[in-house]
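The values are calculated or read from the model by the stated rules, or taken from the named source; none is laboratory data. Being a predicted model, the structure only gives us computed values, none of them experimental. In this analysis, Cβ positions are derived from the backbone assuming ideal geometry, glycine residues included, and neighbour counts consider all displayed protein chains.
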Amino acid sequence: MSVVLYRFARTIFVVILLTLVFSMSAIADSPQGKWKGRWLSDGSGHNGTLGAHIRPTGPTSYRAVFYGRFAVVVPFIYRANLQQVPGTCDCYTSTRKLPLLGE
């Protein structure tokens with residue numbers, strides 16, 4: 001009888017554990033860390049790979065180093081300061097004039 005009870009308890013434990021793991025949300029607390037993706041210019045339609053290393057510099061500000069490729073072969077890298085948009089928890093803004101490429 002104790003073996004049956006043990007197996008039942010173990011099964012219930014595994015079901016509860018799996019339910020907790022798969023019901024967790026994947027929302028980040030901050031943008032800190034390494035990011036990979038793509039960029040797209042609304043104006044020209046140009047696009048390419050994009051990565052970023054982001055670290056905090058204050059409670060609502062971050063320093064980002066972006067890197068990627070333009071026209072498949074031209075590498076780029078630039079730094080930007082990100083500020084949290086007031087009243088939001090996961091929106092950040094940054095503006096920077098880039099040499100020859102715009103803003």
Is it the case that the stretch 10-31 has a residue that's surrounded by 13 or more Cβ atoms within 10 Å (Cβ to Cβ), at pLDDT 80 or above and not β-branched (Val, Ile, Thr)? yes
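Please find, among 67, 78, 62, 92, the residue that is hydroxyl-bearing (Ser, Thr, Tyr), surrounded by 11 or more Cβ atoms within 10 Å (Cβ to Cβ) and either at positive phi or modelled with pLDDT of 90 or more (or both).
Exactly one of 67, 78, 62, 92 is hydroxyl-bearing (Ser, Thr, Tyr), surrounded by 11 or more Cβ atoms within 10 Å (Cβ to Cβ) and either at positive phi or modelled with pLDDT of 90 or more (or both), namely 62.
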